[in-house]
Amino acid sequence: MALYYRNELKYVVSEAQMVCLKSRIRPFMELDKHAGGDGMYSIRSVYLDDYRNTNYYENEEGTSPREKFRIRIYNGDSKRIRLELKRKERGKIHKDSCILTKEQCEAVIHAKLLSCKKEDPPVLQKFCLQQKSRLLEPKVIVEYEREPYVCKNGNVRITFDRNIRSSNRKESFFDDRVYSRPIMPVGQHLLEVKYDEYLPDHIYRSLQLENLRRTTFSKYYLCRKYNIGGMISNGF
């Protein structure tokens with residue numbers, strides 16, 4: 001069966017650019033229904049990789065296609081935990097996901113193997129297989145606040161991610177607060193634009209700003225960059 005892909009564009013924006021862009025898109029887009037009273041929700045993910053850090057280096061080299069697994073919760077809610085597999089190919093993305101129990105998630109965080117049944121979702125079966133064959137294990141927590149806007153035409157989703165930070169304390173995934181450090185300079189944020197086949201002209205024009213440049217940006221890659229470098233220098 002053919003995979004369903006979406007376009008994904010990323011931009012690093014300043015505080016002033018973000019304020020300007022939000023004022024431009026609000027007449028055409030509405031806040032995602034899951035956003036809180038402040039227009040945002042928090043995202044916390046733990047990313048997995050193998051002992052060779054294959055996903056990290058594939059990202060660095062721009063390998064296509066490439067895939068990576070992550071476990072994600074929203075607003076610290078441990079009652080709804082998602083296992084996600086993100087695949088990137090020729091600049092487009094495809095995501096598969098399924099629900100995990102808290103017990104399953106805690107087992108993965110502590111590098112314990114999960115067992116699968118035939119009736120389990122395909123993404124979970126694939127994860128179990130790779131967990132055994134590639135020795136997948138949790139590497140880093142990525143956390144940030146997201147302000148999401150949506151538009152039905154083109155199935156457009158525009159998000160502003162601020163306060164992106166990382167933590168090596170994977171065992172603290174369900175804690176109210178996780179000790180972490182920011183990965184971007186003060187005043188810089190991430191803009192992501194996702195859509196299906198086309199981006200409506202009025203939204204495209206709203207996003208045109210001087211000095212706004214498209215970039216390749218991986219939260220996982222940046223959150224691990226200095227840790228990877230340290231391990232290599234120590235002969236890892």
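The values are calculated or read from the model by the stated rules, or taken from the named source; none is laboratory data. All figures in this text were calculated on a predicted structure; none of them were measured in a lab. Neighbour counts run over all protein chains shown; Cβ positions are idealised from the backbone, glycine included. These area figures cover heavy atoms from the full protein model, side chains too; ligands, DNA and RNA do not enter into them. Shrake-Rupley method; radii C 1.70, N 1.55, O 1.52, S 1.80 Å.
Pairing residues of the stretch 124-152 that are closer than 20 Å to Lys219 by Cβ and in contact (Cβ under 8 Å) with a residue 40 or more places away in the chain with residues that are of a type in the set (Lys, Arg) and open to solvent by less than 40 Å² (accessible area, probe 1.4 Å), at Cβ distances under 7 Å and at least 6 apart in sequence or on separate chains, gives Lys139/Arg224; Val140/Arg224; Ile141/Arg44; Val142/Lys219; Glu143/Arg44; Glu143/Arg165; Tyr144/Arg165. Taking the numbered list (1) touching a strand residue (DSSP E or B) at 6+ places or on another chain (Cβ under 6 Å); (2) within 21 Å of Lys86 (Cα to Cα); (3) surrounded by fewer than 18 Cβ atoms within 10 Å (Cβ to Cβ); (4) at pLDDT below 95 in turn, Lys225 passes all entries but (1). If the condition is being within 20 Å of Asp201 (Cα to Cα) and either in contact (Cβ under 8 Å) with a residue 24 or more places away in the chain or within 16 Å of the chain's Cα centre (by Cα) (or both), then the stretch 18-47 contributes Met18, Cys20, Leu21, Lys22, Arg24, Ile25, Arg26, Phe28, Met29, Glu30, Leu31.
Residue count for the stretch 7-55 under the criterion of being in contact with a Phe, Trp or Tyr (Cβ under 9 Å, 6 or more places away or on another chain), surrounded by fewer than 16 Cβ atoms within 10 Å (Cβ to Cβ) and within 30 Å of Ala107 (Cα to Cα): the result is 2. Against the test of being within 20 Å of the chain's Cα centre (by Cα) and open to solvent by less than 20 Å² (accessible area, probe 1.4 Å), the options Ser206, Ser180, Ser218 yield a single qualifying residue, Ser218.
The residues of the stretch 79-123 that are touching a residue at least 24 places away in the same chain (Cβ under 8 Å) and hydroxyl-bearing (Ser, Thr, Tyr) amount to a single one, Ser97.
Residue by residue, here is whether (1) modelled with pLDDT under 95; (2) over 16 Å from Gln125 (Cβ atoms); (3) in a loop (DSSP other than H, G, I, E, B); (4) in contact with a Ser or Thr (Cβ under 9 Å, 6 or more places away or on another chain) holds:
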site: Ser64; (1), (2), (3), (4): yes, yes, yes, no
site: Glu67; (1), (2), (3), (4): no, no, no, no
site: Arg70; (1), (2), (3), (4): no, yes, no, yes
site: Glu84; (1), (2), (3), (4): no, no, no, yes
site: Asp96; (1), (2), (3), (4): no, no, no, no
site: Ile99; (1), (2), (3), (4): no, no, no, no
site: Glu103; (1), (2), (3), (4): no, yes, no, no
site: Glu106; (1), (2), (3), (4): no, yes, no, no
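Residue by residue through the stretch 155-195, note down the ones that are among the hydrophobic types (A, V, I, L, M, F, W, C) and at pLDDT below 95. Correct list: Val178, Ile183, Met184, Val186.
Within the stretch 164-177, the residues that satisfy the criterion of being open to solvent by 70 Å² or more (accessible area, probe 1.4 Å) and either without any contact (Cβ under 8 Å) to a residue 24 or more places away in the chain or among the small types (Gly, Ala, Ser) (or both) are Asp175, Arg177. Of the residues in the stretch 89-104, at least one is within 27 Å of Pro200 (Cα to Cα), in contact with a helix residue (DSSP H, G or I) (Cβ under 7 Å, 6 or more places away or on another chain) and not small (Gly, Ala, Ser).
For Asp77, the conditions (1) among the charged types (D, E, K, R); (2) over 18 Å from Ser97 (Cβ atoms); (3) part of a loop (DSSP other than H, G, I, E, B) all hold with the exception of (2).
The residues in the stretch 89-98 that are under 12 Å from the mean Cα position of the chain (by Cα) and open to solvent by 40 Å² or more (accessible area, probe 1.4 Å) can be counted, and the count is 1. Yes or no: the stretch 33-56 includes at least one residue that is closer than 27 Å to Pro148 by Cβ, at pLDDT below 95 and of a type in the set (D, E, K, R). Yes, there is a match, as at least one residue in the stretch 33-56 is closer than 27 Å to Pro148 by Cβ, at pLDDT below 95 and of a type in the set (D, E, K, R).
For the residues Asn155, Asn168, the requirement of being touching a strand residue (DSSP E or B) at 6+ places or on another chain (Cβ under 9 Å) and on the phi > 0 side of the Ramachandran plot singles out Asn155.
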